[in-house]
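First comes the structure, then the notes that go with it.
The values are calculated or read from the model by the stated rules, or taken from the named source; none is laboratory data. All of these numbers come straight from a predicted model, not from anything done at the bench. Using ideal geometry, Cβ is built from the backbone for each residue, glycine included, and neighbour counts are taken over all protein chains shown.
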Amino acid sequence: MFTIKYVRFLPHCKYLKTLKTGVDYSLEHKIDKDFFAKNISLTAIVGQNGAGKSSLIDMIFRIVNNVGFCLFHDIHRESADPLVYISGIQADLVYEVNGTEGTVFVRDGQLYFRFGEKRYRFTLDIKNHEEPPKQYTDYKDVLNLSESERFKFQKEMALSFFYTIATNYSIQSFVAQDYLSDECITIDHEDPFNPSLNDPLLTNFDGSWLNTIFHKNDGYIAPLALNPYHSDGVINMATEERLVIQRLSAILIEESNGHPFLPDYHFDKMTLNWKPRTYREKFHSIVDDRIKLYPSKREVERHNEYVYDEKQQWVYDDHKDIDDFKAICRDPDSYAHVILSALRCNVKEDMDDLQVYIRMYVVYKVLSVAAKYPSYYGFSTDFGNIDLAFCSMPAIDKSVKSKSNLEARKEKLRMLTQRVKNDKSHIGLKLRQALNFIRKTRKIPSSSFNEEITYDDYARILGIQNKGMKVEERMEWLPPSIFHTKIYLRKDHEEDPIPLEWLSSGERQFIYLMSTILYHAINLKSIPKNGTRIRYKNLNLILDEVEICFHPEYQRTFIKRLVDLLVRSEINNSFNINVIITTHSPFILSDIPSDNILCLENGEPVKTDKKLNQTFCANVYDLLHNHFFMDQFVGGVAADKVEEIIKGLDKISQAQKDTSNESFKGLKAQLEHLQEMINIIGDQFIRMKLQEKKNSIYKDNNLRLEYELLSERMKEIERKLNKNSHDTN
């Protein structure tokens with residue numbers, strides 16, 4: 001079992017906002033360890049807006065980020081921002097894994113890590129050469145480790161620590177500029193005067209540390225990933241839609257009929273068709289990366305609008321990339337030829353466009369892996385550029401003068417290709433999908449894929465079963481990324497399938513959240529246990545403001561569906577899982593015992609002498625009052641109207657004591673108006689009590705009221721009689 005026990009902040013800790021120092025913010029799973037399911041702990045943080053929930057989560061992010069920097073600052077992340085260290089933090093984070101306690105002590109520029117008998121320290125205050133406090137002198141200094149010792153240490157510490165997947169789909173969350181005031185430092189790896197990592201050059205980091213920890217292609221090294229990705233505070237929903245389709249496909253195909261992924265829906269079909277422009281627009285000129293090799297028709301037309309010299313105008317050729325790729329593949333010294341030969345899937349002259357294009361994608365994928373992932377850093381200098389797909393080696397590398405050097409370069413490229421092919425983690429997945437497609441379609445005409453087909457058709461053409469695999473196995477047999485896929489669901493008891501994009505915002509939110517968790521967990525699981533990569537075995541899920549867009553029924557069933565998904569996908573057999581949920585939903589809270597709930601008020605935990613009622617299976621009104629500190633349980637307008645009714649009835653009751661008839665003028669209209677307001681109140685108890693109060697007015701002074709009302713009625717009749725008599729005369 002894995003649980004975060006508590007977080008404590010010390011004096012002079014920055015960025016606390018409403019949080020307090022010297023207080024234990026307990027997040028511990030305190031009930032039976034298998035209460036929710038095997039290897040799954042679950043706690044919640046609740047409180048009013050401004051109580052400190054988001055501030056506490058942000059501080060946890062900062063601490064975990066600093067751990068990631070200290071562990072992996074020496075690892076190059078080509079496709080990710082540099083890891084940074086956040087200064088000014090004075091905090092302890094205490095967690096437990098299978099009975100062994102771990103603690104992270106952050107003391108500004110010094111970080112100490114303890115797990116069982118393991119003791120390590122990271123001293124980043126090199127400028128001041130501060131000595132560690134006496135209680136930490138027996139902690140081993142990581143910066144003094146050799147390169148081989150450091151790698152062994154990194155793998156060991158990853159197993160002792162945890163990987164955090166965090167989600168918050170609020171547009172106000174994860175806005176990088178909100179964290180610009182945080183003081184950050186990083187290590188300048190490219191400084192020519194930086195002699196070694198044992199004497200690193202610290203430099204100020206001017207950007208936002210938040211941008212460095214969104215999920216990127218670092219192979220799950222840094223122990224924190226935020227979702228969804230924000231670009232300067234903006235979520236690209238088109239990208240999110242594309243990602244969710246990739247993440248969902250295998251899950252939905254292998255969906256259990258009795259356990260649908262989305263409540264009230266079942267997977268109907270997935271359609272796919274070949275989209276040849278998907279990747280060829282990615283390639284740029286080696287000489288000038290601002291110039292696309294194969295601009296789209298629209299880009300060509302836009303260019304020609306502003307160019308009057310015919311010699312400078314572009315000519316759009318829809319087939320040029322295919323022709324160019326065929327030509328470059330004939331050159332034995334080209335990158336494409338070497339890669340495809342190593343995979344035994346060379347381009348032939350009589351191949352149709354789809355078969356050529358899938359091979360173009362294979363070359364692109366091998367080169368992109370070298371460009372992105374830290375575990376392939378040794379290949380990035382030579383091959384980390386996707387534009388090499390259309391180049392020959394001598395043409396790009398002027399230093400290659402001898403045949404032996406050229407052969408050595410080819411051999412290194414073959415090694416890269418084979419390594420990506422044999423990489424059984426998520427890094428090699430898309431290449432394996434493409435190679436599976438090539439292997440199964442060698443004798444199948446590409447015309448079979450020219451029209452939109454279903455995945456069932458795709459499976460039949462390839463000769464594989466269309467259902468009945470494990471999710472990880474099904475992922476190997478999904479269509480390569482050159483295909484455009486579309487998912488359709490069928491709602492219970494309805495005949496027509498519904499495309500994914502037609503679902504409501506709440507339904508799509510549920511899919512985005514669940515598929516994100518499962519996607520990252522499966523990727524983490526795919527990393528070999530005994531390989532050369534960093535692998536975590538403890539998984540921390542932080543689901544912030546989880547009920548956004550959810551109907552109360554989705555809120556009510558969310559915990560059960562989350563746990564069911566983790567169990568059905570067997571993620572809990574691969575990881576110790578800790579879940580932290582922040583919520584304003586009493587429906588979610590009613591599935592969590594109060595021992596597992598941190599209740600915040602004005603930035604600190606509710607004191608133990610303020611006894612909280614049990615939450616598990618509790619009444620919603622009690623949860624709102626005891627854990628969300630609510631005194632009203634109706635809307636603000638409704639509360640004002642109830643108060644207006646009470647004041648109106650009190651005013652009428654007081655008026656009865658006045659003996660003058662003028663006090664009762666208009667009384668009937670007032671009573672009728674108040675009765676109309678009482679009639680529309682939905683809460684039966686409130687409506688009953690107001691009705692009793694109104695009826696008591698009649699009961700106490702019924703005769704007086706009746707007399708006054710009849711008098712008013714008589715006066716009205718007399719006025720009408722006089723008017724009629726006057727009109728007759």
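Quick notes
- Selection within the stretch 241-286: residues that are within 23 Å of the chain's Cα centre (by Cα) and closer than 30 Å to residue 300 by Cβ. The member of this set that is modelled with the highest pLDDT is 245.
- In the stretch 289-336, residue farthest from residue 388 (Cα to Cα) [restricted to those that are of a type in the set (A, V, I, L, M) and within 40 Å of the chain's Cα centre (by Cα)]: 300
- Among the residues of the stretch 255-277, at least one is surrounded by fewer than 22 Cβ atoms within 10 Å (Cβ to Cβ), in contact with a Ser or Thr (Cβ under 9 Å, 6 or more places away or on another chain) and without any contact (Cβ under 8 Å) to a residue 24 or more places away in the chain.
- Residue 356 vs. criteria outside any helix (DSSP H, G or I), over 33 Å from the mean Cα position of the chain (by Cα) and β-branched (Val, Ile, Thr): no
- Restricting attention to the stretch 402-424, the residues that are in a helix (DSSP H, G or I), among the hydroxyl-bearing types (Ser, Thr, Tyr) and loosely packed, with under 15 Cβ neighbours inside 10 Å total 1.
The rows are residues; the columns are (1) modelled with pLDDT of 95 or more; (2) assigned by TED's automatic domain parsing to the domain that holds residue 223; (3) farther than 27 Å from residue 178 by Cα.
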| position | (1), (2), (3) |
| --- | --- |
| 40 | yes, yes, yes |
| 49 | no, yes, no |
| 52 | no, yes, no |
| 61 | yes, yes, no |
| 77 | no, yes, no |
| 92 | yes, yes, no |
| 96 | yes, yes, yes |
| 101 | yes, yes, yes |
| 117 | no, yes, yes |
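- Residue in the stretch 406-429 that is among the charged types (D, E, K, R), free of Cβ contacts under 8 Å to residues at least 24 places away in the same chain and under 18 Å from residue 253 (Cβ atoms) present: no
- For residue 56: the one exception among (1) more than 22 Å from residue 543 (Cβ to Cβ); (2) at pLDDT 95 or above: (1)
- Residue within the stretch 167-175 that is out of contact with any Gly (no Cβ under 7 Å at 6 or more places or on another chain), over 30 Å from residue 518 (Cα atoms), small (Gly, Ala, Ser) and at pLDDT below 85 present: no
- Candidate set: the stretch 80-114, residues that are out of contact with any Lys or Arg (no Cβ under 8 Å at 6 or more places or on another chain) and over 16 Å from residue 68 (Cα atoms); chosen: the one surrounded by the most Cβ atoms within 10 Å (Cβ to Cβ): 97
- In the stretch 319-340, the residues that are closer than 18 Å to residue 416 by Cα and free of Cβ contacts under 8 Å to residues at least 12 places away in the same chain: 332, 337
- Residue within the stretch 254-275 that is in contact with a Cys (Cβ under 8 Å, 6 or more places away or on another chain), assigned by TED's automatic domain parsing to the domain that holds residue 369 and more than 30 Å from residue 159 (Cβ to Cβ) present: no
- Restricting 527, 559 to residues that are out of contact with any Gly (no Cβ under 7 Å at 6 or more places or on another chain) and either within 26 Å of residue 469 (Cα to Cα) or not assigned by TED's automatic domain parsing to the domain that holds residue 150 (or both) narrows the list to 527.
- Residue 542 vs. criteria in the same structural domain as residue 65 (by TED's automatic domain parsing), over 12 Å from the mean Cα position of the chain (by Cα) and touching a residue at least 12 places away in the same chain (Cβ under 8 Å): no
- Residue in the stretch 541-563 that is within 24 Å of residue 55 (Cβ to Cβ) and touching a His at 6+ places or on another chain (Cβ under 9 Å) present: yes
- Just one residue in the set 17, 5 is outside any helix (DSSP H, G or I) and either closer than 28 Å to residue 208 by Cβ or at pLDDT below 95 (or both); that residue is 17.
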